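The structure under discussion is supplied below as C-alpha cells; questions concerning it will follow.
The values are calculated or read from the model by the stated rules, or taken from the named source; none is laboratory data. What you see is a predicted model, and the numbers here were worked out from it, not measured in a lab. So basically every Cβ, Gly included, is an ideal-geometry build from the backbone, and we count neighbours across all protein chains shown. The accessibility values were calculated without ligands, DNA or RNA, using every heavy atom of the protein model including side chains. Shrake-Rupley method; radii C 1.70, N 1.55, O 1.52, S 1.80 Å.
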2 protein chains.
Amino acid sequence: MNLESVIAAAAGREKADTLFINGKVINVFTGEVLEQSVAVKDGYICGLGSAPDPFGSLALCRYSADEVVDLKGMYLAPGFMDAHVHIESSMVTPPQFAKGVLPFGTTTVIADPHEIANVMGVAGVEYMIKAARDLPMNILFALPSCVPATDMETSGAILNASAIAPLLNHEKIVALAEMMNYPGVIFTNPDVMAKLKEARRAGRTVDGHAPRVTGRELQAYAAAGIYSDHECTTAQEAIEKLRLGVHIMVREGTCAKNLDDLLPAVNENTWQQMMWCTDDRHPEEILTQGHIDHIIRRAIRSGIDPVRAIQMATINCARYFGIKDAGAIAPGRRADMVLFKNIENPVIEKVFVKGVLVAQNGVFNHEREPALSARVPETMNFDPDTVDFSIPCAGKSGQARVIRVIPDQVVTMEAVMEVLQRDGYALSDIKRDMVKIAVIERYSGNSGMTTGFVTGLGLSKGAIASTVAHDSHNVIVAGADDDDMMFAVRAVKELGGGFVVVCGRKLMATLPLPVAGLMSYDSIEQVSGAMAGVIKAVKSLGSPLSDPFMTLGFLALPVIPSLKITDRGLVDVEKFQIVELFV
Amino acid sequence: MNLESVIAAAAGREKADTLFINGKVINVFTGEVLEQSVAVKDGYICGLGSAPDPFGSLALCRYSADEVVDLKGMYLAPGFMDAHVHIESSMVTPPQFAKGVLPFGTTTVIADPHEIANVMGVAGVEYMIKAARDLPMNILFALPSCVPATDMETSGAILNASAIAPLLNHEKIVALAEMMNYPGVIFTNPDVMAKLKEARRAGRTVDGHAPRVTGRELQAYAAAGIYSDHECTTAQEAIEKLRLGVHIMVREGTCAKNLDDLLPAVNENTWQQMMWCTDDRHPEEILTQGHIDHIIRRAIRSGIDPVRAIQMATINCARYFGIKDAGAIAPGRRADMVLFKNIENPVIEKVFVKGVLVAQNGVFNHEREPALSARVPETMNFDPDTVDFSIPCAGKSGQARVIRVIPDQVVTMEAVMEVLQRDGYALSDIKRDMVKIAVIERYSGNSGMTTGFVTGLGLSKGAIASTVAHDSHNVIVAGADDDDMMFAVRAVKELGGGFVVVCGRKLMATLPLPVAGLMSYDSIEQVSGAMAGVIKAVKSLGSPLSDPFMTLGFLALPVIPSLKITDRGLVDVEKFQIVELFV
C-alpha cells in the first residue's frame, strides 16, 4: 500500500483508480445503509462520496476516477471474513481455496494451519503462508498452539513454545490459534503457559477451543487470557462465555453446525462480541451451499437483522483480531467488497478484492489464475513391508474393545464384543460389522502401528485408507480383508497421501492428496468430484455412512470421546490413557 | 501478575485473597446487571460467583477467600477509564493526580504528556512514566505526536519520528497521541507520515485531533490510519467521523464541554465506538464536580442507559486501545472496581484498585500515600536582564494588531486599534483596556521575545505572568505597567515556573509550578486553593474574566484562531504566518 497516494486521492489531490457509484453501501460502523460512492486507490478505499446527512450540514464529498463502475442500486458490503478456518479441510491449497470461496464473498480468512503443522511442523506453517502470498484474497493466519494434540500419538512435528515464539511476530500471523489443550491451561502446564505468555508479549490475541468447559474451569481458562471460543453448542454455553469477555465465533462447518443453537445468544449487547466461522468445511458443501454468505443468509432467515449479520461477518472479526485494514468500507481499508441485490437474502453477484473484480455470479473470474503453490516434500515415510495386520488373541474372555462409530458424529462409543478367532488370531467379522482398523505412523520411518476393531463402518468387503486422520494424520486403514488393507496402504503411500478405496486387490477409487497427505494441488471442483467418487466406492463396499472418510478421519483423534485408535495404541479418551484391545 | 496463581484461584485450587459478595455486578460485555460474587487473587479478578442463568443450566461457581467484603446490594462496576487526558492540566504530578481523581472512580487513564514533552522532550515523557509507577492507579500513556505544535514558536524540545520510535514499544505506551497536525497528515508531511508508520509498525493505535475537519480532508485523515477523535463539537461532526470508523471520545473538560452536543450521535450501533474523556480538567472542577463519574451522571440524566454510559467509560476504551487487563469485571482483569448505590445517579462510594480499597466517600484513603515524584530539573533558562518590553512605534498609521480576548474561549479575534504613543514608543492604555503582552522563550538561554498588545483582559493595574502557555509553555506576561511586568517575570523565574500576580512591584499571589513550569508537587486541593488565590488577585486588578490564567495560557497557541503571540512574533493563525505588530 502506498499510504501517501491513498491519502492524496482521499483528499482529492490525486485521481482515484476506480469509483463505484450508485451503490447502497453498508456502513458496518453505524449500521446504516447509505447511498454513496466508493473511491478506490491502489487497492485501498480512499474515500466515500457524500451520503445522506441526518443533520443536513456535512461537507460534500465528490471523487473522480479513471474508471467508473455503476453498481445499479445494488448493495455493497465489505468482503466477508471467516474468523477461524482450517484450509486443509477444504482439501485444496490456499490458491485453490481462494478460488473456491471468493465467489461466495469471503475475502479474508484467519486460517489455522493446524493440520499441516501436525504433519510438517514450522515448515508446514511456512508453506501455507508462502502459498497464500500474492493471491486475490486476504489470508491471515493463527499460529497452531497444540501440535501434537496429545502425547498418545506420534505427529510429524512438535511445536513447543520456543518454536512458535519467533513466528508470532510474523506480519501475517494475527493470533495464537485455538488453545485446545484446555486442561493444560486450567492446570497451568508450563509449556502451555509459555505459549500464552509469548502470545501476550507479541501482542497477539489467543483463540480458544473449550467445548462444554464451564464453571470455575471456564473462568480459569478465561483468566489465562483466552479471548474467543468457537466450540459452543448451546446458547447458554455462549452466554456463560460472553459474560467472561470471551468472543464467540459461531461455527457452521461440515462436521459441526452450531448456528441455530447459538442464535438465541445474539442480542443488542452481545452481537458485537460475536462473529462467524466455518472451522472445517468440505469442498462439496462449499460448492453447493457457499461459505460465510451461507451463514449470513441462514442467520437472516432466523431473524437476525441483515446489517447485523454482515457486521458479525466483517467488522466484528476485524476488531477482534486487531485487523485495521479490512472489515469495512472505509478510507484506508482494503477495497474488498461484495455486491448483491437482496439484503434479506444476500446472494453474492460480484466480488471485488482490492478494488478488482475477482468473481461474478458464483464464478471466479480474476484475470490471473491463482498461482500454483510451491510443492511440499514427501511426507509418507513408512515401510509397507513391515506392516502387519494380524492380531494374536490375548486375554481370557475372548472379548475385545471395539470402536463403535456413531453415524455423522465425531464422537464414538466403546463396544465390548466377542472376537472371531482362527488359529489364535482375531479376524474381521463382516457378519457382525466388526472389521479391522489400523493406524500406521508415517513420519519417522519407524512405521509404528496399532491394529484394532471398529463397528459401524458397514464394510462388507474391501478396505479404505486415508492420510487425513486428525490430528496427527498418520495412515488410517480399515477393511474387511487384510490383503485389501495391505493393498490400500501401499496405494496410499504411492499416491503421496490421500483417500483410497480397494476391493479384491484392485483400486476402486482414489483422491490423491499429495500436499502433506492433506491437500490436493487440484481445484476445489476437481477435489469435490473425486471425493464423490471415493464416497460412492465406499458405499459400494456396503457402508451406510454419508461421508465415511470424514468418519474415518476422526477415529484417530484421541481428544474426542470415547474409544479411539492411534499409532501408539487404543485410547480410552475418558480415562485419557492407552488401553488393551482385549478385555 | 502471577498468572499461574490467578488461574489456580479461578479453578478453585487456590483460595482467593478477597471475595466481594452481595454486589449487583455490571457486566459490560452482556449489558447485564448480575447478582454475583467477585473473587480476587493477586490484584486480579479470578472468578465470578454464580449469576442468575437465563437458561437454567450453567454450572455453579463458588469461591472462597481469605477476606470477604459484603457489598450490601450495591452496584459494582469496573473502574472508569479516561480515554484522553493531559495530567498536566490538573497542575499536579501523577501521584497527586491519582489521589485526586481516584475518589471519583477513575482507575485507568490514558495520559498524553504533551505539555511536559513540549518543555522537556523525551525526558518529560519519561518523567511522567516514572512518576506514574507503583501508584494505586493504572496510568497508561499515549506518546505525544506533535512536539512542537508549530514552527512559529520555540519549544523546549522537538520530538521527531526517530525520537518517538523507540518509545512506541514501551509497555506503558498504548498509542500515538492526538495527531493535531492534521494538515501535515492530509498533505503527507514526511515527518508526520514517518510517525504514523512507526505507530503502525509498533501495533499502536493513533489518536486523532481534527476539530471541524470534514469532507475529503477528513477522509484523507482517516485513510492515514487515525482511529479516534476527541474534538467533535456537534453530533453531525461525530456521525461523519463514526461512519469512517473513527472512534469518538466525547470530551467534557474544563476548556471544552461537548457532552450535550454529542449525545444525539449515540445510538444502538454507534455507542460501541464511543467513549468518554476529560482532555483538560482543572483542579477546582475535579474537586467540585468529579471526573469521568461526572460525565456518566450527566449522560444518564440526558437519557443514556446507565449501563451503556458505564460501558462507554470502561470496556469501549479498553477495546479501543487494546487494553486487555482492564475495563471489565472478568477473570484476568485488574480488580479495579467502583461501588455505588443508585444506578440512575452513580455517586461513587468506594473505589477498589487491584482489589484494595483506595477511596471512600470521595476521600482517598489508601494506606500508602502516593509516593513523592522524582524531581525534575530547572526549566527556566532565560535571562530577565535582557527582557525589554518597550515597543518602538513603526508604520505610518499609528495602528496596531491587538489580540482581542473572547471571554471563556480559547479562540481570539484580531482588533486593529490606535496606539497610545509617547516619545516614539507605544504604551499600555488602560483606559481602552489595551495592555502589553509578551512571550519570552525560556529554554535555550537566548531569551528571545515578542511584545504586543491585548484587549479584553481588563487589567487596570499590575501584571500577571505564567509558564503555562500552550503549547510551548514559554513565559507569558501581560500588564498595565512595564515595571510590574518585569517584576512578574523575575518572580516567575524565581518560582521555577507557575502563576504570579503583581501590583506596584509587589507579589499579590502566586501558584508555584516547579515541575516543568506546569505542575506543582502539592496536592490537588492545595493547588486548587492557590489557584483560587491567584484568580482572586487578578480580579482585584480589574479583570472580569472567570479564569484569567486559562485565557492567558491560550494566547500563545498559534494553532487556534485568530491572532496569537509567540516568542517569535505575532501570529495570524488563519494565514498561518507571522505578522507585524503595526498595520
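Among the listed residues B:Gly208, B:Gly203, which satisfies the condition of being modelled with pLDDT under 95 and within 14 Å of another protein chain (Cβ to nearest Cβ)?
None of the other options fit; the residue is B:Gly203.
Just the residues that are within 16 Å of A:Asp325 (Cα to Cα) and assigned to a strand (DSSP E or B), please, taken from the range A:1-45.
Residues satisfying the conditions are A:Val38, A:Ala39, A:Val40, A:Lys41, A:Tyr44, A:Ile45.
Residues B:Ala318, B:Ala299, B:Ala313: which one is away from chain A (no Cβ under 13 Å) and either open to solvent by 10 Å² or more (accessible area, probe 1.4 Å) or in contact (Cβ under 8 Å) with a residue 60 or more places away in the chain (or both)?
Step by step, each of B:Ala318, B:Ala299, B:Ala313 is checked, and only B:Ala313 is away from chain A (no Cβ under 13 Å) and either open to solvent by 10 Å² or more (accessible area, probe 1.4 Å) or in contact (Cβ under 8 Å) with a residue 60 or more places away in the chain (or both).
May I pose another question? Among the numbered criteria (1) surrounded by fewer than 22 Cβ atoms within 10 Å (Cβ to Cβ); (2) touching a Phe, Trp or Tyr at 6+ places or on another chain (Cβ under 8 Å); (3) not hydrophobic (A, V, I, L, M, F, W, C), which one does A:Thr288 miss?
Evaluating A:Thr288 over (1) surrounded by fewer than 22 Cβ atoms within 10 Å (Cβ to Cβ); (2) touching a Phe, Trp or Tyr at 6+ places or on another chain (Cβ under 8 Å); (3) not hydrophobic (A, V, I, L, M, F, W, C) leaves (2) as the failure.
Out of (1) closer than 27 Å to A:Pro94 by Cβ; (2) part of a helix (DSSP H, G or I); (3) open to solvent by less than 30 Å² (accessible area, probe 1.4 Å); (4) within 11 Å of chain B (Cβ to nearest Cβ), the odd one out for A:Ala238 is which?
(1)
Moving on. So the check is Cβ under 8 Å with 6+ separation or different chains; which pairs have a first residue in the range A:218-245 that's among the β-branched types (Val, Ile, Thr) and a second one that's open to solvent by 10 Å² or more (accessible area, probe 1.4 Å) and part of a helix (DSSP H, G or I)?
A:Thr233/A:Asp261; A:Thr234/A:Asp261
Whether any residue in the range B:176-184 is closer than 16 Å to B:Ile129 by Cα and within 14 Å of another protein chain (Cβ to nearest Cβ) is what I want to check.
yes
Any idea which of A:Phe352, A:Phe340 is in contact with a Pro (Cβ under 6 Å, 6 or more places away or on another chain), away from every other protein chain (no Cβ under 14 Å) and over 14 Å from A:Val28 (Cα atoms)?
The unique qualifying residue is A:Phe340.
Please tell me if A:Ile300 is of a type in the set (Val, Ile, Thr) and under 25 Å from B:Gly245 (Cα atoms).
Yes, satisfied.
With respect to A:Glu378, is the statement that it is touching a residue at least 60 places away in the same chain (Cβ under 8 Å), open to solvent by 30 Å² or more (accessible area, probe 1.4 Å) and either part of a loop (DSSP other than H, G, I, E, B) or at negative phi (or both) true?
Yes: the conditions hold for A:Glu378.
Let me ask something else. For residues that are surrounded by 14 or more Cβ atoms within 10 Å (Cβ to Cβ) and of a type outside the set (A, V, I, L, M), scanning just the range B:56-81, find the one that is nearest to the other protein chains (Cβ to nearest Cβ).
It comes out as B:Cys61.
Let me ask you something else. Out of A:Pro264, A:Pro331, I need the residue that is facing chain B (nearest Cβ under 10 Å), open to solvent by 20 Å² or more (accessible area, probe 1.4 Å) and not hydroxyl-bearing (Ser, Thr, Tyr). Which one?
A:Pro264
Rundown of residues vs (1) of a type in the set (Phe, Trp, Tyr); (2) touching a strand residue (DSSP E or B) at 6+ places or on another chain (Cβ under 7 Å); (3) at pLDDT 95 or above; (4) part of a loop (DSSP other than H, G, I, E, B), yes/no style:
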| position | (1), (2), (3), (4) |
| --- | --- |
| A:Asp260 | no, no, yes, no |
| A:Leu263 | no, no, yes, no |
| A:Trp276 | yes, yes, yes, no |
| A:Ile310 | no, yes, yes, no |
| A:Ala318 | no, yes, yes, no |
| A:Asp325 | no, yes, yes, yes |
| A:Leu339 | no, yes, yes, no |
| A:Val351 | no, yes, yes, no |
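Quick check, is B:Arg251 at pLDDT 95 or above and away from every other protein chain (no Cβ under 14 Å)?
Considered against the rule, which asks whether it is at pLDDT 95 or above and away from every other protein chain (no Cβ under 14 Å), B:Arg251 comes out as yes.
Please find, within the range B:389-428, the residue that is farthest from B:Lys257 (Cα to Cα) out of those that are touching a residue at least 60 places away in the same chain (Cβ under 8 Å), surrounded by 12 or more Cβ atoms within 10 Å (Cβ to Cβ) and charged (D, E, K, R).
For the range B:389-428, the residue satisfying everything is B:Arg401.
Find the residue count for the range A:532-583, including only residues that are more than 21 Å from A:Ala465 (Cα to Cα), in contact with an Asp or Glu (Cβ under 9 Å, 6 or more places away or on another chain) and not in a loop (DSSP other than H, G, I, E, B).
So the answer is 3.
Can B:Leu159 be described as more than 25 Å from B:Ala335 (Cβ to Cβ), part of a loop (DSSP other than H, G, I, E, B) and open to solvent by less than 10 Å² (accessible area, probe 1.4 Å)?
The answer is yes for B:Leu159.
When the residues of the range A:5-15 are narrowed to those that are open to solvent by less than 10 Å² (accessible area, probe 1.4 Å), within 10 Å of A:Tyr44 (Cβ to Cβ) and small (Gly, Ala, Ser), which ends up nearest to the other protein chains (Cβ to nearest Cβ)?
A:Ala10
Working only within the range B:429-448, note down all residues that are of a type in the set (A, V, I, L, M, F, W, C) and either surrounded by fewer than 23 Cβ atoms within 10 Å (Cβ to Cβ) or on the phi > 0 side of the Ramachandran plot (or both).
B:Ile430
Ok, one more. Residues being more than 29 Å from A:Phe382 (Cβ to Cβ), crowded, with 23+ Cβ neighbours inside 10 Å and touching a residue at least 40 places away in the same chain (Cβ under 8 Å): count how many of those fall in the range A:171-188.
3
Confirm whether A:Leu168 is buried (at least 19 other Cβ atoms within 10 Å of the Cβ) and in a strand (DSSP E or B).
Taking the combined requirement at face value, the residue does not satisfy it.
I've got another one for you. Based on this model, can you work out whether B:Phe582 counts as touching a residue at least 60 places away in the same chain (Cβ under 8 Å) and surrounded by fewer than 21 Cβ atoms within 10 Å (Cβ to Cβ)?
Against the criterion (touching a residue at least 60 places away in the same chain (Cβ under 8 Å) and surrounded by fewer than 21 Cβ atoms within 10 Å (Cβ to Cβ)), B:Phe582 qualifies.
Here's a follow-up. Of the residues in the range B:546-571, how many are surrounded by fewer than 19 Cβ atoms within 10 Å (Cβ to Cβ) and modelled with pLDDT of 95 or more?
Qualifying residue count, the range B:546-571: 0.
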